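The values are calculated or read from the model by the stated rules, or taken from the named source; none is laboratory data. Just so it is clear, the structure is predicted and the values come from calculations on it, not from any experiment. As a convention, Cβ positions derive from the backbone with ideal geometry for all residues, glycine included, and neighbour counts pool all protein chains shown. Calculation scope for accessible area: heavy atoms of the full protein, side chains included, ligands and nucleic acids excluded. Shrake-Rupley method; radii C 1.70, N 1.55, O 1.52, S 1.80 Å.
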Amino acid sequence: MEAWRRKLGVVEKLRTMVDIKRVERDHHAKRLPRPCGITIHTGVGCPLACAYCYIYDMGFPGSVRPYPLTPLEMAYAIAANPHVAVGERGTLVAVGSVTEPFLPETRELALGYIAAVVEHLGNPVQVATKYPPPLELAKYRADVLISVTDVEGRLEPKAPKPVERIRGAGELVKRGGSATLFVRPIVPGVTDRDLERLLALAWDAGIRRVVFGTLRATPAIAARLRSFGVDITPYIRRLEEGRQVPIKYPKERLVETARKWGFEVLPASCASNILAHGQKCALCSWGPCGGVPEVDVEDVRDFLEYRGYRGADPHFDGRRVVVKVRLKRGDKIFLEQALRVPVVSQGKARHLS
Ligand code: SF4
Ligand code: SF4
């Protein structure tokens with residue numbers, strides 16, 4: 001299979017340049033990608049202490065330590081991860097899920113990771129930030145999610161003001177870069193009140209896509225929000241220690257307002273990564289995004305035979321690839337990452353290896 005050969009070629013090339021034993025122990029080389037892709041951590045911890053942040057409940061500290069892999073090592077870790085498809089049409093890469101990537105302590109490293117992934121792997125990269133995005137991102141064709149919850153940044157007192165972030169994104173857009181307004185989390189009584197002003201700022205900056213994201217709460221998050229004067233209890237039935245519970249907030253009005261402005265409202269951040277790179281994905285039920293990808297069934301057959309399956313007889317029904325054998329989990333995930341459509345098994349297992 002072309003995607004598998006490409007992956008092996010990149011791994012082969014990079015393995016001579018890094019300490020492979022050390023890198024292969026890192027979770028980036030092992031973690032299962034989700035339909036929305038794989039995340040790259042640029043640091044451990046975050047000092048910005050946004051009121052709604054979930055990372056502190058996950059045990060991350062309130063200061064940041066740059067992630068210990070070099071850019072080349074990170075590129076190798078992602079390429080060597082057996083479930084990740086490498087290349088322009090490969091696994092979506094998202095930078096900065098559990099920290100702010102452009103903190104002064106990690107800014108260069110984050111840019112280094114993005115450059116290394118784009119140059120050595122070629123995968124579509126997206127980065128979420130509460131900082132004005134570095135203008136170099138335009139040359140990596142990275143999609144930038146400008147993360148906001150209100151106009152003043154009331155719940156993010158240590159981050160640069162949303163107006164600076166959005167104006168920074170406008171500069172990036174002028175240089176040919178891609179930026180999306182990422183209204184996440186929607187905090188009831190805060191985000192909804194400011195939405196028109198946020199959308200106006202984004203529109204003036206040349207941003208034309210928006211993603212809305214739900215607030216996930218824990219008892220600690222609810223308590224921190226309360227100390228900022230925000231009460232989320234009417235929106236949540238029960239909070240549980242150690243579990244993030246999504247709050248029930250009707251997004252429809254926000255979506256309708258954004259559409260009236262002329263924004264394209266996307267179902268998830270990965271959709272923005274797909275569209276920014278002019279690609280297609282139909283891997284989850286929120287899609288298809290950009291259309292349903294074409295599938296080369298002979299290429300899939302080639303991969304399955306190489307992996308030891310006999311009688312798989314794959315076919316594409318226009319939305320899913322159906323095979324007549326039960327696939328090992330890792331093979332199924334790799335195929336889905338490489339094809340961006342679901343792969344379903346019908347029939348009994350006939351794996352020969
Ligand atoms: S910037 Fe992101 S990771 Fe840092 S505290 Fe805010 S929400 Fe959490
Ligand atoms: S179909 Fe769209 S929302 Fe679903 S994983 Fe693909 S890009 Fe994301």
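Points worth noting:
- In a DSSP loop and with at most 15 other Cβ atoms within 10 Å, the GluC sites (Glu not before Pro) in segment 231-306 are GLU241, GLU294.
- Extension reserve of the LYS251-GLU305 stretch, reckoned as 0.36 nm per residue once the Cα distance is removed: 14.8 nm
- Proximal lysines to LYS332, defined as alpha-carbon separation beneath 30 angstrom and excluding residues fewer than eight positions away on the same chain: LYS7, LYS13, LYS21, LYS30, LYS280, LYS324, LYS348
- Segment 229-324: chymotrypsin sites (Phe, Trp or Tyr not before Pro) in DSSP loop, at most 13 other beta carbons within 10 Å: none
- For a straight C-alpha distance cut-off of 21 angstrom, the lysines reachable from LYS260 (same-chain residues fewer than eight places away being disregarded) are LYS251.
- Judged by the ratio a/c of the largest to the smallest principal axis of the C-alpha gyration tensor, segment 297-345 counts as rounded, that ratio being less than 1.5.
- Calculated FRET value between ALA220 and ARG167, using beta carbons and R₀ = 30 Å, to 0.05: 0.35
- Charge dipole of the chain about the Cα centre (unit charges at C-beta), most positive-ward option of TRP261, VAL44, TRP286: TRP286
- Å² per residue, accessible surface of the chain at 1.4 Å: 45 Å²
- Each Lys and Arg Cβ is given +1 and each Asp and Glu Cβ -1; about its Cα centre, segment 297-345 then shows a dipole of about 300 debye.
- Taking a ≥ b ≥ c as the square roots of the eigenvalues of the Cα gyration tensor, segment 207-353 is classed as oblate, since a/c reaches at least 1.5 and a/b does not exceed b/c.
- Between segment 233-275 and segment 39-63, the alpha-carbon center distance in angstrom: 21 Å
- Taking the accessible area of segment 297-345, probe 1.4 Å, and keeping the other protein chains in place, the carbon and sulfur fraction comes to 46%.
- DSSP beta bridges fully contained in the chain are about 30 percent antiparallel.
- Between segment 153-217 and segment 283-353, the Cα center-to-center distance that results, in Å: 38 Å
- Adding -39500 (n - 2.57) for every DSSP H run of four residues or longer, then dividing by how many residues the chain holds, sets the calculated 222 nm ellipticity at -9500 deg cm²/dmol.
- Alpha-carbon spread of the chain, three principal axes, descending order, Å: 61, 44, 42
- Sequence-distant contacts, meaning Cα pairs under 8 Å at least 6 residues apart, place the relative contact order of the chain at 15 percent.
- Extended-chain gain in nm, criterion 0.36 nm per residue less alpha-carbon gap, MET17 and ALA49: 7.8 nm
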